[in-house]
Protein chains: 4
Amino acid sequence: MKVLITGFDPFGGETVNPALEAVKQLDGIEIAGAKVVTREIPTVRGKSIAALKKAIEDVQPEIVIAVGQAGGRMEITPERIAINVDDFRIPDNEGNQVIDEAVVPESPAAYWSTLPIKKIVAELRQEGIPASVSNSAGTFVCNHIFYGLMHHLQQEGSIRRGGFIHIPYLPQQAAKLSGQPSMALDIIVRGLKKAIEATIMAKTDERHSGGTIC
Amino acid sequence: MKVLITGFDPFGGETVNPALEAVKQLDGIEIAGAKVVTREIPTVRGKSIAALKKAIEDVQPEIVIAVGQAGGRMEITPERIAINVDDFRIPDNEGNQVIDEAVVPESPAAYWSTLPIKKIVAELRQEGIPASVSNSAGTFVCNHIFYGLMHHLQQEGSIRRGGFIHIPYLPQQAAKLSGQPSMALDIIVRGLKKAIEATIMAKTDERHSGGTIC
Amino acid sequence: MKVLITGFDPFGGETVNPALEAVKQLDGIEIAGAKVVTREIPTVRGKSIAALKKAIEDVQPEIVIAVGQAGGRMEITPERIAINVDDFRIPDNEGNQVIDEAVVPESPAAYWSTLPIKKIVAELRQEGIPASVSNSAGTFVCNHIFYGLMHHLQQEGSIRRGGFIHIPYLPQQAAKLSGQPSMALDIIVRGLKKAIEATIMAKTDERHSGGTIC
Amino acid sequence: MKVLITGFDPFGGETVNPALEAVKQLDGIEIAGAKVVTREIPTVRGKSIAALKKAIEDVQPEIVIAVGQAGGRMEITPERIAINVDDFRIPDNEGNQVIDEAVVPESPAAYWSTLPIKKIVAELRQEGIPASVSNSAGTFVCNHIFYGLMHHLQQEGSIRRGGFIHIPYLPQQAAKLSGQPSMALDIIVRGLKKAIEATIMAKTDERHSGGTIC
């Protein structure tokens, strides 16, 4: 079994992307009998999805997890749902700053993650790693690739499972920004390994409350 | 032209629901030539949607706006998207506390609001009223009725426009809770009137960024 | 009996200072038999204290309350303690941006407010107005004038009571800034009136917990 | 040269106190030619100060740093000032829950830290460790021991330097609490070592802005 994990190159003025740093440390390792393959994805509208599809074609993974940075979050947050909109508050790495355009025109409003997000959160917390379900991946390139991924997997016939996991700033980023939460790289890496393991082991997701009142 | 506005009865231990207090003040008024009709909706899974459908049938409005309380938010937030999941962190007013069940089984993952949410935010800010687009209505009864509404409007053939607007706690609620933001009732009422007017006047939504990075 | 209330002119790029707007509405009114007199104070190191001392000399009040804006706070917050340091993260209105200098050299590290801060908070909450005790007035011009005031009152022989109350942004400020809490002007005015009344009526402060763990 | 570092036993329902865990790892190490000695202090009004004085008498350190947990903070925060008040929102570990009593009756309102707090923050950030100056240590046992320490050092004739540093929750605490920031133990330990080194090396503090507007 193969698991494809992707990370973005840095964006928004940052020189480091914790997602990419964490993802690099997973490359080539084996988890629960599965081989982890990693890829760097450009933080660019369209090109990111193209790069991801190419990687899926090359690697032929059973599981695909895109990982991205969520500045301001303090926990590892598997995303529940990808929505079909690009509404970029800042430009991407090639200067695209679109407002309210579809990720994939003429396509559904949203796709659910097919990762066992509740089980991932439960197992991370069990390991002492802060985690929560997130109900919005935003409307920037993270949500863009998440939607692009889920649309592609659905069009392939759902032979692979996939989803998106947001991770916090690294401490060295927070040290420069001041007033922002962070998570140490080794904890993020342990969290992602546990998330991969939980996904491999799960037939179906568990039922724990992960909701928000609003 | 008629506009139907709904508010929930109080929930989560509160004795007042600011949504309902605000909505009551709109009953029977005229905005931009349209008559505003209001209804109270039970904060109960299923019954809330049934009550809303009944109200639509009775009133035959061109526009339907459900209004709900978002404790912890500091602005009036029109919601962008309703998602097809009930994941109740607390029980509703009849004790239902479901986890990860569909609002409407065998139905799309999500529906877009058909209110001009960007225009509403722009006009409220213009009036000095704090407002932002929200990309998640949560997974409790607010999202439940929002999804139920949009599904119903779509099944009717999209002859009516509709959506959901979240409003903050009232000051008297925040005074008891401590450490929570709030908004004065008269500002909420002014904001909802402006939102109704913007919806009546808009043929299509404007294009302003209302996105979040994550 | 006379009560002197001061408000700052706008600072930090704002064109309105809610403290001043609120204070203006109190000018000349009578509360619990006392006359309220108000003064505008420049947001400038040194000059603000000089203006305040001059106002005290002119008005001869029994009670002095300086009011200032605390962007980001969501409640009316009477301050507990003034500290003898100026550490200005931004320049004041005449460009002074000092770091770690004393407000009054060779003077105590801090002075307690002599307002009944716990009673004020209790009475505001009773009225449905969000309020909390604050344990830090910051290190900018608000703390500067608060320290200058308490030092002056102590040197006079404590014949007058005094202190500082922070108030939130107004809604029109929050509408421009986005993502900031606010409080309606009429609620701030009601809150300040209640605070003045509580101060006049109190012989000593009440004992309610207003502490923070850190 | 000897440096005394203290940590509290767990409080507020926690089974772990990150301050204590971090402090334990410093015991007996040498930093910049100085020997680090550590002590556990009870989270109890009065007894904590007695235990600290006893430790100072035994160890005869040139530098004393008390370390405590600040749930909700995301950075390592050296405290600027200790205030002479106990206002306990929750009971301490022996059930004391006093309101507005002096830490040391008939004593000054506040004492400044004699640690180089600006230099500590600058050096931690330089190392990629999130840090900020804090202007309030709260009104619970952390501020209590901080005030007790500074009062004692002043009464001794200021032959030793001292202060208080707050640290965030550990990840395993945040994993149970949900929605709270945290910092990995090894980063906290590195941060405290750097703070000790900065204190040993500093003759006087540096002048960087560490202020807050309010």
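Checking D:Gly13, D:Gly28 one by one, the residue that is surrounded by fewer than 24 Cβ atoms within 10 Å (Cβ to Cβ), under 23 Å from D:Val141 (Cα atoms) and small (Gly, Ala, Ser) is D:Gly13 and no other. Scanning region C:162-178 for residues that are assigned to a loop (DSSP other than H, G, I, E, B) and among the polar types (S, T, N, Q) turns up just one, C:Ser178. Set side by side, the residues A:Ile129, A:Ile159 differ, and just one is surrounded by fewer than 24 Cβ atoms within 10 Å (Cβ to Cβ) and part of a loop (DSSP other than H, G, I, E, B), which is A:Ile159.
Candidates are the residues of region C:190-214 that are of a type in the set (Lys, Arg) and in a helix (DSSP H, G or I); the one that is farthest from the other protein chains (Cβ to nearest Cβ) is C:Lys193. Restricted to region C:6-112, the set of strands (runs of 3 or more DSSP E) holding at least 3 residues that are of a type outside the set (A, V, I, L, M) comprises C:34-41. On the stretch given as region D:104-119, residues that are farther than 13 Å from D:Gln154 by Cβ and touching a helix residue (DSSP H, G or I) at 6+ places or on another chain (Cβ under 8 Å) total 3. Against the condition among the polar types (S, T, N, Q) and within 14 Å of chain D (Cβ to nearest Cβ), how does C:Ser178 come out, does it pass? When the stated conditions are applied, C:Ser178 does not pass them. Applying the set (1) among the aliphatic types (A, V, I, L, M); (2) loosely packed, with under 14 Cβ neighbours inside 10 Å; (3) in contact with a helix residue (DSSP H, G or I) (Cβ under 8 Å, 6 or more places away or on another chain); (4) closer than 17 Å to C:Gly163 by Cα to C:Val36 leaves exactly one unmet item: (2). Run A:Leu153 past the list (1) in contact with a helix residue (DSSP H, G or I) (Cβ under 7 Å, 6 or more places away or on another chain); (2) farther than 22 Å from A:Gly28 by Cα; (3) surrounded by fewer than 24 Cβ atoms within 10 Å (Cβ to Cβ) and report the number of the one that doesn't hold. Status for A:Leu153: all satisfied but (1).
A:Ala109 - would you say it is under 25 Å from A:Thr43 (Cα atoms), small (Gly, Ala, Ser) and touching a strand residue (DSSP E or B) at 6+ places or on another chain (Cβ under 8 Å)? Criteria met by A:Ala109. Being touching an Asp or Glu at 6+ places or on another chain (Cβ under 9 Å), at pLDDT 95 or above and more than 27 Å from D:Gly179 (Cβ to Cβ), is that true of even one residue in region D:70-80? For region D:70-80, residues touching an Asp or Glu at 6+ places or on another chain (Cβ under 9 Å), at pLDDT 95 or above and more than 27 Å from D:Gly179 (Cβ to Cβ): present. Within region C:160-169, the residues that satisfy the criterion of being away from chain B (no Cβ under 14 Å) and in contact with an Asp or Glu (Cβ under 8 Å, 6 or more places away or on another chain) are C:Arg160, C:Arg161, C:Gly163, C:Phe164, C:Ile165, C:His166. Taken over region C:92-128, the residue count meeting the criterion of being touching a residue at least 12 places away in the same chain (Cβ under 8 Å) and within 14 Å of chain B (Cβ to nearest Cβ) is 7.
Results for (1) over 30 Å from C:Lys118 (Cα atoms); (2) touching a Cys at 6+ places or on another chain (Cβ under 7 Å), shown as yes or no for each residue.
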position: D:Ala70; (1), (2): no, yes
position: D:Arg80; (1), (2): no, no
position: D:Asn96; (1), (2): no, no
position: D:Pro105; (1), (2): no, no
position: D:Ala110; (1), (2): no, no
position: D:Leu115; (1), (2): yes, no
position: D:Lys118; (1), (2): yes, no
position: D:Glu123; (1), (2): yes, no
position: D:Ile129; (1), (2): yes, no
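With respect to A:Ala82, determine if the residue is farther than 30 Å from A:Gly13 by Cβ, touching a Phe, Trp or Tyr at 6+ places or on another chain (Cβ under 9 Å) and not charged (D, E, K, R). For A:Ala82, the condition - farther than 30 Å from A:Gly13 by Cβ, touching a Phe, Trp or Tyr at 6+ places or on another chain (Cβ under 9 Å) and not charged (D, E, K, R) - is not met. Just one of the listed residues (D:Gln172, D:Gln154) is more than 14 Å from chain C (Cβ to nearest Cβ) and among the polar types (S, T, N, Q), namely D:Gln172. Against the test of being under 30 Å from C:Glu123 (Cα atoms) and among the β-branched types (Val, Ile, Thr), the options B:Ile165, B:Ile159, B:Ile129, B:Ile117 yield a single qualifying residue, B:Ile129.
Looking across B:Gly72, B:Gly33, B:Gly12, one residue alone is touching a residue at least 24 places away in the same chain (Cβ under 8 Å), of a type outside the set (Val, Ile, Thr) and touching a Gly at 6+ places or on another chain (Cβ under 9 Å). It is B:Gly12.
Only one entry in A:Val64, A:Val59 is of a type outside the set (S, T, N, Q), more than 12 Å from chain B (Cβ to nearest Cβ) and surrounded by fewer than 24 Cβ atoms within 10 Å (Cβ to Cβ), namely A:Val59. Take the conditions closer than 11 Å to D:Met150 by Cα and of a type outside the set (A, V, I, L, M, F, W, C) and apply them to D:Thr77. Does it pass? Answer is no for this residue.
Mind listing just one residue for me: the one in region D:1-22 that is among the β-branched types (Val, Ile, Thr) and modelled with pLDDT under 95 and, of those, farthest from D:Ile65 (Cα to Cα)? Applying the filter and picking the extreme gives D:Thr15. Taken residue by residue, region C:95-104 has no member that is closer than 30 Å to B:Leu185 by Cβ and modelled with pLDDT of 95 or more. Scanning region B:91-103 for residues that are crowded, with 17+ Cβ neighbours inside 10 Å and over 9 Å from B:Arg45 (Cβ atoms) gives B:Asn93, B:Ile99, B:Asp100. Looking across region C:85-138, the residues that are in contact with a Phe, Trp or Tyr (Cβ under 6 Å, 6 or more places away or on another chain) and of a type in the set (Val, Ile, Thr) come down to C:Val98, C:Val103. The condition (being within 14 Å of chain D (Cβ to nearest Cβ) and either out of contact with any helix residue (DSSP H, G or I) (no Cβ under 6 Å at 6 or more places or on another chain) or at positive phi (or both)) is satisfied by just one residue among C:Ile29, C:Ile81: C:Ile81.
Taking the stated definitions as given, is D:Thr139 part of a loop (DSSP other than H, G, I, E, B), crowded, with 24+ Cβ neighbours inside 10 Å, within 11 Å of chain C (Cβ to nearest Cβ) and in contact (Cβ under 8 Å) with a residue 12 or more places away in the chain?
yes
Is it fair to say C:Pro42 is surrounded by fewer than 22 Cβ atoms within 10 Å (Cβ to Cβ), in contact with a Ser or Thr (Cβ under 7 Å, 6 or more places away or on another chain) and not hydroxyl-bearing (Ser, Thr, Tyr)? When the stated conditions are applied, C:Pro42 passes them.
The values are calculated or read from the model by the stated rules, or taken from the named source; none is laboratory data. Owing to the predicted nature of the structure, the values given are computational and were not obtained by experimental measurement. Note that each Cβ is placed from the backbone with ideal geometry, even for glycine, and that neighbours are counted across all protein chains shown.
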